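Remarks on the structure that follows.
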Amino acid sequence: MAERSTAAVGVANESGEPPLTAKADSATADDAMTELIETQDPEQTLAEETTSRKDAEPENPEPPELHSGHMLARRYRLEECLTRLDGFSSWRAVDEKLRRAVGIHILPADHPRARPVLAAARSAALLGDPRFVQVLDAVEENDLVYVIHEWLPDATDLTAILAGGPLDAHDAYQMVSQVSQGMAAAHREGLSHLRLNPDCVLRTEAGQYRIRGLAVAAALRGVQSESPQRDDTEAIGALLYASLTKRWPYPEDEFGLTGLPKDIGLVAPGQVRAGVHRGLSELAMRALVNDGATASRELQPCTTPEELAKAVAAIPKIRPPEPTLPPFHRTTYQQGAYRQPAAHFQSTSVLGSTPPPALPGRTGKALKWAVSALLIAALGLGSWQLANTLMHGDNTPKSTGTGTGTSQKAGNGNTGGSGKATLKTLPINDGAEYAPYGGAQHPDEVKLTYDKDSSTYWRSKSFTGGPVLAPYKQGVGIVYDLGSKQKVSSASIGLLYSGNHTTVELYAADSLTSDVKPTDLKKLATVTTNGTSAKLTVQNTVETRYVVVWLTAMPQSPADNYSGAGYKQAITDVIFKGAS
């Protein structure tokens, strides 16, 4: 009571009221207190208390002042600020302990969303599904809350991919299949995304789609939903729609995509762009159901990621497009009339040109007889020469033939004669991964390919498309250092996986760290095999110090302790041979 009296007196004095001593002549202390409480405006008191509480507890504290180079937990060095809004910031950083890039979300510990963000991050970290960008840590320290997640340097978000145009049917099928299956698995664990959009879907060089921001992205922005499964399903439908048409299925322009005109509403992808796969078009509409609207053929709408994943699986598998081959330049003779367009028939075709008319009358007959006589004479002359050769051969002493045979045998050996030069095994001094297009495989395993131990190997990642890796990835490979310039004649490559099929190419490089693309290197040899070894022979011996072994096709192989099933290969041994 004493403290409250003092505070009340202070407020009264500041407001210009007469001092309490002026009323003390006719009232006791209790009467004065009663009078003060009764005369004070209750609304004014409530407003002052509310104002004071708001000042003490700000709704959205400003994000902490951080900068590039700042260290968190003496481990994470901030590199680049990606987002700064709503009281939090997102950064690309480096884990100094493990020497790898990571992503970090940072917000003050007294931020109203700090607790939900921590809870969401810890729940997402327990999922452990490889279809999601993994949460590595969630920490509260030094008045900060920060969430550490994976950083995928070889991945591209769907927004950037669609900037180059819509996806083909196979790519769109892979995207919706992997994303719907991933979200179905998340919802079975009670997790939702609620912020699923083209910025949150990443495609790696191996053709795998990864979802980032599960649960955390919504918690950072305070997004909630009464029907999370329906919202996530519709978001996947929007991703598929955008992938097929390069249009956003709503009136607003978002993520670099133009929205649909307001006056036509939601129409099927096949009506927006010609050539859209019919099954995928219907699937997008089933996921994008709004207020009871369904696809044109009255198919049931998909209201959960689980239902959508099953609907995707029911579509016949869509094969990847055939890789584009370089044009083949034919000679004039090979370009026969049956291969040429009608417009160029007369000008470019030799075989298809109209033959000249036969010579008329006695002249034609005489010419025919003359040609026949010449052919008979040539045949007779050839027979006489053959008979003469055989007769001389019979008169040759047999010892000459024996001597010739002995000489031939000596010539085929390794000593004397005119046989081939001796080939020697060339030493390998060093090796490194060759990744001119980015996306290294396992650089630390390169040395296992020339350790003379067939049980050890360098392995590629597992790819979803194959056997030919293009267009997702042009190839993977290793560049070897022979120590000095050597005359390379052949190469033997030991492979771990057999099957249809592995294509190996051999190139001469300029250095161990070369980033020159294979198309700009000197090609030495190429071979395709279904077995566990590849033999390459260089037609014209080349002198080089650095040799690239480049794989452009790999067989489909089962899952193992290192990677899942897919198109992959591993190199166990590499041996180069050259002329001494």
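The values are calculated or read from the model by the stated rules, or taken from the named source; none is laboratory data. Quick caveat: nothing in here was measured; it's all calculated off a predicted structure. As a convention, Cβ positions derive from the backbone with ideal geometry for all residues, glycine included, and neighbour counts pool all protein chains shown. To get the accessible areas, we keep the full protein, side chains included, count just its heavy atoms, and leave off ligands, DNA and RNA. Shrake-Rupley method; radii C 1.70, N 1.55, O 1.52, S 1.80 Å.
With just the Cα atoms defining each centre, how far is region 154-229 from region 477-520? Give it in Å.
Distance between centres, Cα-based: 37 Å.
At a Förster radius of 35 Å, what calculated FRET efficiency corresponds to the Cβ-Cβ distance of D253 and T303, to the nearest 0.05?
On the way: r = 27 Å, r/R0 = 0.78.
Here the calculated transfer efficiency is 0.80.
Using a Förster radius of 60 Å, what is the FRET efficiency between T422 and A163 based on their Cβ-Cβ separation? Nearest 0.05, please.
On the way: r = 58 Å, r/R0 = 0.96.
Efficiency for this residue pair is about 0.55.
Take the Cα pairs of region 155-314, get the Kirkwood Rh, then feed it into Stokes-Einstein at 25 °C and 0.890 mPa s and tell me D in µm²/s. All intermediate terms of the calculation are to be shown ahead of the outcome.
Numbers: Rh = 15.6 Å.
Estimated via Stokes-Einstein, D reaches 158 µm²/s.
Give me the distance in nm between label points sitting 7 Å out from Cα along the Cα-to-Cβ direction at T83 and T537, one decimal.
6.0
Below 8 Å between Cα atoms, with a sequence gap of 6+, how large is the relative contact order for region 155-314 in percent? Display every interim value, and only then the final one.
On the way: 247 pairs, mean separation 42.0, N = 160.
The value is 26 percent.
Taking 29 Å as the cut-off for C-alpha to C-alpha distance, list the pairs among K485/K568; K452/K487; K424/K522; K447/K523 that go past it.
Details: K485/K568 32 Å; K452/K487 22 Å; K424/K522 22 Å; K447/K523 23 Å.
The pairs that break the limit, which is 29 Å between Cα atoms, are K485/K568.
Order the following by accessible area, largest value first: K568, K246. Probe radius 1.4 Å; ligands, DNA and RNA are ignored.
Values: K568 5, K246 75 Å².
Heavy-atom accessible area, descending, gives K246, K568.
Can you say what percent of the DSSP beta bridges in region 155-314, counting only those with both residues inside, are antiparallel? Round to 5. Please report the intermediate quantities before stating the final value.
Values: 6 of 8 bridges.
If I count the DSSP bridges inside region 155-314, around 75 percent turn out antiparallel.
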